[in-house]
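Chemist: Handing you this structure, nothing more for now.
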Amino acid sequence: MKLYVRFFLTIIGVVLFFAPSARTQTLELGIGLGISAYNGDILPDALSFTKTSALAGQVQISFHLNERWKAQVFYNRGRLKGADADFGRHNRNLSFVTNIDELGVRGIFNLIRFDPYGESGSPFTAYVGTGLTVYHFNPFTTNLQGQKVFLQEVGTAGQYLPNEQDRPRPYNLFQLGIPITMGVSYAVTPQLILGLEVDYRWLFTDYIDDIGPDRYPDFDNLLLSGDQAALLTNRGWESVYDPDQGINPIDVAKMYYQDNNLSSSFRSIGQGNDVFGFILFKISYMLEEISFGGKSKFGCYSF
């Protein structure tokens with residue numbers, strides 16, 4: 001985590017160092033509100049992403065370099081979720097929720113020369129962008145007793161089993177991502193900018209939902225990590241559990257595990273890493289009076 005943060009802060013420092021020294025010094029401060037959504041092992045098809053979405057927000061500061069380019073630093077806050085039960089997959093019955101806190105930098109290229117004054121470009125533009133982000137996630141679920149359980153801590157794939165060489169290591173809750181951004185902006189006035197943005201993340205982890213390409217560990221061995229690890233690695237047993245029968249949930253889960261021969265199966269159904277993204281309506285304000293020397297009005301650009 002320290003390496004990620006140090007690397008990322010270095011990139012932000014480079015952006016902040018060079019952006020003010022560019023020929024233009026117009027700053028754009030903005031906020032965004034919309035949704036965040038996930039695509040991964042729980043989601044059977046990308047078009048069902050609305051079942052994994054939740055409210056999201058963004059704050060950002062952009063340094064306009066010219067009518068084509070701007071550098072941006074941004075912070076996103078979102079929530080991702082997914083449940084097998086929403087897609088009729090009761091034989092596994094896993095679910096998760098995670099908050100996403102993300103800090104990023106990116107370069108944005110305007111496909112149409114952008115000038116809110118309409119002098120050396122258009123007040124409307126479409127844009128694309130990419131860069132680098134670091135984000136924190138921590139998937140949790142609610143167990144049968146209604147308790148909130150953080151899944152990385154219990155090791156549902158046997159991450160904390162002693163002397164198990166074939167088990168995955170605990171995944172890092174801080175990760176890097178690559179934003180792939182598309183959007184449109186329109187200058188209602190030279191200072192007020194409205195926009196719509198679709199922001200996809202290329203990720204380097206398959207554990208946003210706590211479900212990776214791992215085999216189910218032996219049930220008795222998994223109990224060594226704790227009851228919650230054994231009960232939450234596969235929750236299909238909950239569909240046959242009847243508390244009125246007075247049977248211990250551990251025994252029901254073990255019988256379900258054995259009857260379905262889970263030790264020879266993989267927890268993950270899909271292939272590839274997870275992804276998430278944002279759809280945001282944005283509003284921002286131009287601060288042209290912020291000057292580090294030189295002209296800031298868009299109409300004064302020269303190429």
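Chemist: Can you tell me which of (1) more than 15 Å from Ala229 (Cβ to Cβ); (2) part of a strand (DSSP E or B) is the one Ser120 doesn't meet?
Modeler: (2)
Chemist: Shifting gears a bit: Can you tell me which residue among Asn260, Asn234, Asn273 is surrounded by 13 or more Cβ atoms within 10 Å (Cβ to Cβ), over 29 Å from Asp101 (Cα atoms) and touching a residue at least 60 places away in the same chain (Cβ under 8 Å)?
Modeler: Values: Asn234 fails: over 29 Å from Asp101 (Cα atoms); Asn273 fails: over 29 Å from Asp101 (Cα atoms).
From the options Asn260, Asn234, Asn273, the qualifying one is Asn260.
Chemist: Also: Exactly one condition in (1) out of contact with any Lys or Arg (no Cβ under 7 Å at 6 or more places or on another chain); (2) closer than 16 Å to His90 by Cα; (3) surrounded by 15 or more Cβ atoms within 10 Å (Cβ to Cβ) is false for Leu223; which is it?
Modeler: Single failed check for Leu223: (2).
Chemist: Next up: Residue check: is Pro116 of a type outside the set (Val, Ile, Thr), in contact (Cβ under 8 Å) with a residue 12 or more places away in the chain, crowded, with 22+ Cβ neighbours inside 10 Å and over 20 Å from Leu203 (Cβ atoms)? Give the steps one after another, and end with the answer.
Modeler: Working: of a type outside the set (Val, Ile, Thr): yes; in contact (Cβ under 8 Å) with a residue 12 or more places away in the chain: yes; crowded, with 22+ Cβ neighbours inside 10 Å: yes; over 20 Å from Leu203 (Cβ atoms): yes.
Answer is yes for this residue.
Chemist: Here is a list: Ile180, Ile193. Which entry is assigned to a strand (DSSP E or B), surrounded by 21 or more Cβ atoms within 10 Å (Cβ to Cβ) and on the phi < 0 side of the Ramachandran plot?
Modeler: Values: Ile180 fails: surrounded by 21 or more Cβ atoms within 10 Å (Cβ to Cβ).
One residue alone meets the criteria, Ile193.
Chemist: A follow-up question, please. Filter the range 123-157 for residues that are small (Gly, Ala, Ser), touching a Pro at 6+ places or on another chain (Cβ under 6 Å) and in a loop (DSSP other than H, G, I, E, B) and give the result.
Modeler: Ala157
Chemist: Out of the range 23-52, which residues are among the hydroxyl-bearing types (Ser, Thr, Tyr) and in contact (Cβ under 8 Å) with a residue 24 or more places away in the chain?
Modeler: Thr24, Thr26, Ser36, Tyr38, Ser48, Thr52
Chemist: Which is more than 21 Å from the chain's Cα centre (by Cα), at pLDDT below 95 and either under 24 Å from Phe174 (Cβ atoms) or buried (at least 19 other Cβ atoms within 10 Å of the Cβ) (or both), of Asn91, Asn66, Asn39?
Modeler: Testing whether each residue is more than 21 Å from the chain's Cα centre (by Cα), at pLDDT below 95 and either under 24 Å from Phe174 (Cβ atoms) or buried (at least 19 other Cβ atoms within 10 Å of the Cβ) (or both) leaves just Asn66.
Chemist: Another one. From the list Val128, Val134, Val149, pick out the single residue that is loosely packed, with under 15 Cβ neighbours inside 10 Å, touching a residue at least 12 places away in the same chain (Cβ under 8 Å) and either in contact with a strand residue (DSSP E or B) (Cβ under 9 Å, 6 or more places away or on another chain) or closer than 25 Å to Ile35 by Cα (or both). Give the derivation first.
Modeler: On the way: Val134 fails: loosely packed, with under 15 Cβ neighbours inside 10 Å; Val149 fails: loosely packed, with under 15 Cβ neighbours inside 10 Å.
Only one candidate passes the filter, namely Val128.
Chemist: Which count do you get for residues in the range 187-235 that are of a type in the set (Val, Ile, Thr) and under 23 Å from the mean Cα position of the chain (by Cα)?
Modeler: So the answer is 5.
Chemist: Please enumerate the residues belonging to the range 224-260 that are outside any helix (DSSP H, G or I) and among the hydrophobic types (A, V, I, L, M, F, W, C).
Modeler: Once the filter is applied, which keeps residues that are outside any helix (DSSP H, G or I) and among the hydrophobic types (A, V, I, L, M, F, W, C), the range 224-260 yields Val240, Ile247.
Chemist: Still on this model: Of all residues in the range 158-172, how many are in contact with a helix residue (DSSP H, G or I) (Cβ under 9 Å, 6 or more places away or on another chain) and surrounded by fewer than 17 Cβ atoms within 10 Å (Cβ to Cβ)?
Modeler: Here the count works out to 4.
The values are calculated or read from the model by the stated rules, or taken from the named source; none is laboratory data. Because the structure is a prediction, the values reported are computed rather than measured. Here the Cβ is made from the backbone with ideal geometry for all residues, glycine too, and neighbour counts use every protein chain on show.
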